[in-house]
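The values are calculated or read from the model by the stated rules, or taken from the named source; none is laboratory data. Everything quoted here is computed from the prediction, not taken from an experiment. With ideal geometry, Cβ positions are generated from the backbone for all residues, glycine too; neighbour counts draw on all protein chains shown.
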Amino acid sequence: MTIAPTLTAPAAPSGSTLHNILAPDTRVKVSSGTSKDGKSILDASSETCWTSDNLPPNSDPSTSLHSISFKLSTSISLSKLHSLSLTFAGGFSPMSFDVLASQDGKNWSAAVPEELFPMDANAKQYFLIDSLEDTQEVQWLRLQLKGSTDDYGRVIVYQVQLFAH
């Protein structure tokens, strides 16, 4: 099964309020570039972004693999996750991505069992991920970005938000 995005925010479950768990004090690690550049995806500005490195010449862009890891300020149960919002630069989106989780930042497993497929558009996209039954508490979450719509394998991310209840 796969999860496709929508352009409107999913409604909160009845009787609950959603909040973005990627707070300004969240530590961000990226697979290329600097962590300072990676942190800019949390600042809510449409003027700042993280850009992955190019692939080597003559590489197939569908083979690119980039990651953005978030160390949360407090642990959270995976069952509390509700939705994910991302904004990519059109023409620089991943072909798909996975959401991974870890308690120690070293051993990763799937937080969301389905692969997510973003639109190749410069628009905020929402992914509903609220059907998780795993009650595992995690301190780290990772977006594993696979492939690229760019000929040089680059991915550009302007904003990431992860909502929980």
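Determine if the stretch 76-90 includes at least one residue that is at positive phi and modelled with pLDDT under 95. Scanning the stretch 76-90 turns up no residue that is at positive phi and modelled with pLDDT under 95. In the stretch 18-41, the residues that are closer than 18 Å to L145 by Cα reach residues that are part of a loop (DSSP other than H, G, I, E, B) and of a type in the set (D, E, K, R) with C-beta atoms within less than 7 angstrom, at least six apart or across chains, in these pairs: S32/D53; G33/D53.
Looking across the stretch 11-30, the residues that are buried (at least 17 other Cβ atoms within 10 Å of the Cβ) and out of contact with any helix residue (DSSP H, G or I) (no Cβ under 7 Å at 6 or more places or on another chain) come down to L18, I21. Here Y152 meets the list (1) at pLDDT 95 or above; (2) farther than 24 Å from H19 by Cα; (3) not charged (D, E, K, R) almost entirely, failing just condition (1).
Would you call G90 over 25 Å from S46 (Cβ atoms) and either surrounded by fewer than 18 Cβ atoms within 10 Å (Cβ to Cβ) or aromatic (F, W, Y) (or both)? Spelling it out, it is not the case that G90 is over 25 Å from S46 (Cβ atoms) and either surrounded by fewer than 18 Cβ atoms within 10 Å (Cβ to Cβ) or aromatic (F, W, Y) (or both). Residue-level analysis places I68 among those that are under 20 Å from M95 (Cβ atoms), touching a helix residue (DSSP H, G or I) at 6+ places or on another chain (Cβ under 7 Å) and β-branched (V, I, T). Set side by side, the residues N122, N107 differ, and just one is surrounded by fewer than 20 Cβ atoms within 10 Å (Cβ to Cβ) and more than 20 Å from G38 (Cβ to Cβ), which is N107.
Considering the stretch 137-153, the residues that are in contact with a strand residue (DSSP E or B) (Cβ under 6 Å, 6 or more places away or on another chain) and not charged (D, E, K, R) include one that is nearest to I68 (Cα to Cα), namely L143. If you go through the stretch 9-59 and keep only what is in contact with a strand residue (DSSP E or B) (Cβ under 7 Å, 6 or more places away or on another chain), outside any strand (DSSP E or B) and among the β-branched types (V, I, T), you end up with I21, T26, I41. So in the stretch 114-140, with the set limited to residues that are hydroxyl-bearing (S, T, Y) and closer than 12 Å to S83 by Cα, which one is modelled with the lowest pLDDT? Out of the qualifying residues, it is S131.
Restricting attention to the stretch 34-50, the residues that are over 19 Å from K124 (Cβ atoms) and acidic (D, E) add up to 1.
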